[in-house]
Amino acid sequence: MRAVKLMFLSLLAILIVASSGWPLDGKTTHVILLLDASGSMKKTDPLNLRLDAGELFVRLLDRRFSLSILSFHSRVDIVSLEKDPVKERRLLLKRLRGISSNGLYTDIYTALKDVLELTGQQRGRTVVVLLSDGRMDTGNPDRDREKTSLIRKNLLPLAKTRNIPIYTVAFSELSDRELLKEIAVKTDALSFMVKNAREIHQAFTRIFNEIQHPDSLPINNKGFLVDNSIEDINIIVTKADPNRGVVLEDPGGNRYTSRKHPPYMRWYSTLAFEMIGMESPQAGRWKIHFSASEGNQIFILTDLKLRTKAVKNLYSTGDKIVVETWLEEKGKRLDNIPILLRNIDFSASLNTRDRLIKKMVLKDDGVPPDRLKNDGVYTDTVSLDQTGEFLLRVVARGKTFERKVEKIFSVIEGDRGFSKKKDIEIETIDGSSTPEIRDKKEGDGYSWRGVILNFFIINIVAGLTVLIVIAIRKRDRAPQYLKGLLSRSRSLIKRRKDED
């Protein structure tokens with residue numbers, strides 16, 4: 001009996017150490033900005049507006065993200081690797097501003113290959129944002145075709161298998177719009193085409209909306225309604241005229257600009273857009289003056305949230321979307337405050353870029369497609385009978401309360417993309433495999449966590465083997481040794497977790 005107990009304790013010790021190593025941080029989303037630095041960018045983006053948009057993106061991210069910035073032309077340069085976008089914001093912005101446009105070629109294959117090698121080391125969710133104004137160009141047309149084929153054959157299935165969406169932003173007529181769209185579609189992401197560099201920030205804002213799903217406010221007649229539950233607000237406004245700034249008017253009629261505003265406002269101004277942030281904004285209707293009609297977004301932080309059933313990035317014709325929405329406060333659905341819910345109207349609309357496809361009044365009446373009457377979930381359905389890109393907008397509106405959720409998705413015919421396969425090795429042009437890239441400039445080096453975990457497992461197993469031998473000779477003393485070992489192991493693991 002004592003021998004059985006001894007073997008059980010031995011196995012338990014191994015399992016404790018093996019399963020309690022360096023834990024994955026499932027709450028962290030690692031975002032990789034992959035920016036084209038080829039020489040053509042000097043012509044298509046002479047004012048470096050893509051860097052302004054990148055800075056906007058950095059300013060929007062919070063501590064739930066880690067951010068890497070890479071630039072590419074004929075090779076990939078690591079600008080910054082896995083930084084905290086809040087704590088290390090100044091460093092990120094400085095390095096972002098240091099990106100030049102001096103590359104001779106545009107090697108999209110090498111850029112994606114190196115990024116996917118890098119993501120093999122990451123923990124948590126990974127999202128890639130690729131921006132380019134060109135097409136595959138190595139200076140050799142045959143090599144270009146071969147590398148383009150390898151993107152489709154190897155890199156996209158690998159990204160799909162790893163659940164890494166690659167959002168793409170194409171601008172200029174020189175960009176390979178079809179390839180960039182295929183990269184996004186086949187990795188369950190979205191592709192954006194912008195007509196000029198001044199619109200890049202709108203694409204970046206949309207991508208931020210996709211990866212974080214922040215609460216937002218609808219804009220009506222260039223105004224928006226702020227209620228008392230809002231803790232923090234970020235207002236992104238596209239300028240109608242780059243030579244004229246945006247004016248923000250509070251509910252009391254006071255007007256503010258980038259040059260004249262109170263210290264509690266965070267105001268970031270560029271030629272194409274302005275971003276204004278503030279904590280505990282005054283309740284009431286605010287107004288925006290001298291802005292463009294498209295691209296404006298109001299992101300908020302609040303405990304009272306509008307939630308919706310998940311909408312995928314890709315559908316096929318004939319599919320049907322069940323639109324479900326509800327209000328939450330501190331993570332709990334509001335289904336027991338009938339006065340509040342009776343005073344709020346829930347609606348949705350399906351839109352293309354140019355027109356409204358369908359308007360929906362969402363109901364909680366228990367009549368299908370609604371599942372249960374008065375449970376706080378408001379429902380309707382929409383059928384998808386045409387291909388293209390669509391925007392689903394869900395709005396909750398009351399006298400003193402407004403919320404909005406938006407989701408962009410594509411509808412295609414036929415195959416929706418790759419089925420999941422086992423992880424594959426990245427194949428290079430010469431058929432060899434390539435070792436993972438390292439950020440030697442920043443000294444991150446190899447993954448020491450795995451090395452340390454293996455070290456502890458090997459030593460614990462070796463120690464247990466010795467103890468089993470001792471147990472055979474000294475059965476009465478072995479359990480004490482094992483109990484001590486288990487206690488020390490738990491203490492060590494706890495200390496490692498605290499340090500992490």
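Computed quantities for the displayed model
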read-out	value
Residue match in region 171-178 (condition: within 18 Å of the chain's Cα centre (by Cα) and either among the hydroxyl-bearing types (Ser, Thr, Tyr) or closer than 30 Å to residue 28 by Cβ (or both))	no
Enumeration of residues in region 170-204 that are of a type in the set (S, T, N, Q), buried (at least 18 other Cβ atoms within 10 Å of the Cβ) and not in a helix (DSSP H, G or I)	172, 175, 187, 191
Region 322-350: number of residues that are modelled with pLDDT of 85 or more and closer than 22 Å to residue 373 by Cβ	16
Test: residue in region 323-341 that is open to solvent by 30 Å² or more (accessible area, probe 1.4 Å) and of a type in the set (Ser, Thr, Tyr)	no
Selection count where residues are of a type outside the set (S, T, N, Q), open to solvent by 50 Å² or more (accessible area, probe 1.4 Å) and touching a Pro at 6+ places or on another chain (Cβ under 6 Å), scope region 248-284	1
Cβ-Cβ under 6 Å pairs, at least 6 apart or on other chains, region 63-86 side within 17 Å of residue 116 (Cβ to Cβ) and β-branched (Val, Ile, Thr), far side at pLDDT 95 or above and open to solvent by 40 Å² or more (accessible area, probe 1.4 Å)	none
Matching residues, region 229-244, being among the hydrophobic types (A, V, I, L, M, F, W, C), closer than 19 Å to residue 60 by Cα and out of contact with any helix residue (DSSP H, G or I) (no Cβ under 7 Å at 6 or more places or on another chain)	230, 233, 235, 237
Of the criteria (1) at pLDDT below 95; (2) open to solvent by 60 Å² or more (accessible area, probe 1.4 Å), which one residue 287 fails	(1)
In region 205-233, the residues that are of a type in the set (Ser, Thr, Tyr) and either within 18 Å of residue 308 (Cβ to Cβ) or crowded, with 20+ Cβ neighbours inside 10 Å (or both)	205, 216
Among (1) under 16 Å from residue 77 (Cα atoms); (2) at pLDDT below 90, the one test that residue 121 misses	(1)
Selection within region 79-94 - under 21 Å from the mean Cα position of the chain (by Cα) and under 22 Å from residue 200 (Cβ atoms)	79, 80, 83, 85, 89, 92, 93
Wholly within region 357-418, strands (runs of 3 or more DSSP E) carrying at least 2 residues that are charged (D, E, K, R), farther than 16 Å from residue 324 by Cβ and open to solvent by 70 Å² or more (accessible area, probe 1.4 Å)	388-397
Test set (1) touching a Gly at 6+ places or on another chain (Cβ under 9 Å); (2) closer than 29 Å to residue 152 by Cβ - residue 115 fails condition number	(1)
Residues (of a type in the set (A, V, I, L, M, F, W, C) and closer than 14 Å to residue 169 by Cα) located in region 128-147	128, 129, 130, 131
Hits in region 355-402 - residues which are within 27 Å of the chain's Cα centre (by Cα), of a type outside the set (S, T, N, Q) and over 16 Å from residue 307 (Cα atoms)	382, 384, 388, 389, 390, 391
Residues within region 297-315 that are over 20 Å from residue 202 (Cβ atoms), assigned to a strand (DSSP E or B) and aliphatic (A, V, I, L, M), tallied	4
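The values are calculated or read from the model by the stated rules, or taken from the named source; none is laboratory data. The structure displayed is predicted, hence computed values, not measured ones. No Cβ is skipped: glycine too gets one built from the backbone with ideal geometry, and neighbour counts run over all protein chains shown. What goes into the accessible areas is simple: the full protein's heavy atoms, side chains included, and nothing from ligands, DNA or RNA. Shrake-Rupley method; radii C 1.70, N 1.55, O 1.52, S 1.80 Å.
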